[in-house]
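Here's the structure, in structure tokens; my notes come after.
The values are calculated or read from the model by the stated rules, or taken from the named source; none is laboratory data. This one's a predicted model, so the numbers in the text were calculated from it and none came from an experiment. Cβ coordinates were reconstructed from backbone atoms using ideal geometry, including for glycine residues, and neighbour counts include every protein chain displayed. Areas reflect the complete protein model, heavy atoms only, side chains present, ligands, DNA and RNA absent. Shrake-Rupley method; radii C 1.70, N 1.55, O 1.52, S 1.80 Å.
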Amino acid sequence: IDNSISANAKEIHVNFMSTDPAWLCVLDNGCGMSKDELRTAMKYGSKSSLDRRSDTDLGRFGLGLKTASLSQCRCLTVISKKNGVISSARWDLDHILSCENWALLWLDYSEIKSLPGVDWLETQGDGTIVLWQVFDRLMLSSDNPQKVFDEKIELSREHVALVFHRFLGDDSALRRVRIFFNNDIVLPIDPFLSNHPATQPLTEQIIRIGTEQIRVKPYILPFSSKLSAKDIKSIGGKDDLRQRQGFYVYRNKRLIIWGTWFRLLKQYELNKLARIRVDIPNSLDSMWEIDVKKSTASLPNIIKKRLVSIVESSV
């Protein structure tokens, strides 16, 4: 989904089938890739962490597509359409083992035309499909892999609704991204309840590091007594309302870490339901020590005092 958004996709579909043979694919209507671009995308470490990226690029090392996929399945196929031409490449771990060589497979149209999502891709101007097949770990780790698959899908849907909520809920129709799970639209989970009349948005502050800006905006959430059952459910329940206080760090609008105070203060010291949105550009990745999965970050010492001051004024 990161790659789809970086490719300027406005519609992304996560389609799946949990019955044997299970499969999952992510389809988008982004800019697509030529055969040469696809070859580069299928390389491990296809991007340097030192490269200057576009301000909207959600990538990091050029590892995510491959490592994330093959941690879940044994067969990764990417099918992409650009300027009317469809190209497809595959990493198949069984083929790699049999030939004892990291050989990338190239598929022709006769091999891909019956694969999930290809019919949809053909109706788009450009776009890409990422297809997962042969879920070996899932099949071996459970007596009921279909049930586990469906449970993981539901967790993934909730995760996507939170992590990408600013894309899903963008006020501008031109910038808004729509994501579907088996044609069911994903609604954004706003951790700040920013549209609730009892939420208190505080003044945004800017921390400057050289020519770059970190934007910090605190929100004080309403007490549960002022929330409807729907509001409480949308934010994860009463426990999450208090326990997930803290910083919500976004890299190019994509949520990467949330519900932590980075040890600046302890949750029991707070008397308000404070959540603080921190927007960082991808040019500061090394300073924040963003990991390859974009799921952890470390607070840079250079801004700790400023953040402590902002927190104290908020709570």
Open item on the list: List pairs: first residue in the range 139-161 and assigned to a helix (DSSP H, G or I), second residue acidic (D, E) and at pLDDT below 95 anywhere in the structure, Cβ distance under 8 angstrom, at least six positions apart or on different chains.
Closed with: P145/D20; Q146/D20
Open item on the list: Just to be sure before I move on: is I189 under 23 Å from the mean Cα position of the chain (by Cα) and surrounded by 14 or more Cβ atoms within 10 Å (Cβ to Cβ) in the structure I sent?
Closed with: yes
Open item on the list: Just to verify a result, which residue in the range 287-307, among those that are open to solvent by less than 50 Å² (accessible area, probe 1.4 Å) and assigned to a helix (DSSP H, G or I), is modelled with the lowest pLDDT?
Closed with: W288
Open item on the list: Every residue in the range 104-138 that is surrounded by 12 or more Cβ atoms within 10 Å (Cβ to Cβ), in a helix (DSSP H, G or I) and without any contact (Cβ under 8 Å) to a residue 24 or more places away in the chain, please.
Closed with: E111
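Of the residues D171, D150, D239, D184, only one is under 19 Å from R277 (Cα atoms) and out of contact with any strand residue (DSSP E or B) (no Cβ under 6 Å at 6 or more places or on another chain); which?
D171
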Task: the range 162-186 - residue that is within 28 Å of F223 (Cβ to Cβ) and not in a loop (DSSP other than H, G, I, E, B) and, of those, most open to solvent (accessible area, probe 1.4 Å) - done: R166
TODO: Report, ordered by the first and then the second residue, all pairs with beta carbons closer than 9 Å, sequence separation of six or more or different chains, a first member in the range 3-14 that is touching a residue at least 60 places away in the same chain (Cβ under 8 Å), and a second member that is aromatic (F, W, Y) and open to solvent by 40 Å² or more (accessible area, probe 1.4 Å).
DONE: H13/W120
Open item on the list: I'm told F180 meets every condition in (1) within 23 Å of the chain's Cα centre (by Cα); (2) at pLDDT below 90; (3) closer than 29 Å to F149 by Cα except one. Can you identify the failing condition by its number?
Closed with: (2)
Open item on the list: Take A89 and tell me if it is touching a helix residue (DSSP H, G or I) at 6+ places or on another chain (Cβ under 8 Å), open to solvent by less than 50 Å² (accessible area, probe 1.4 Å) and in a loop (DSSP other than H, G, I, E, B).
Closed with: no
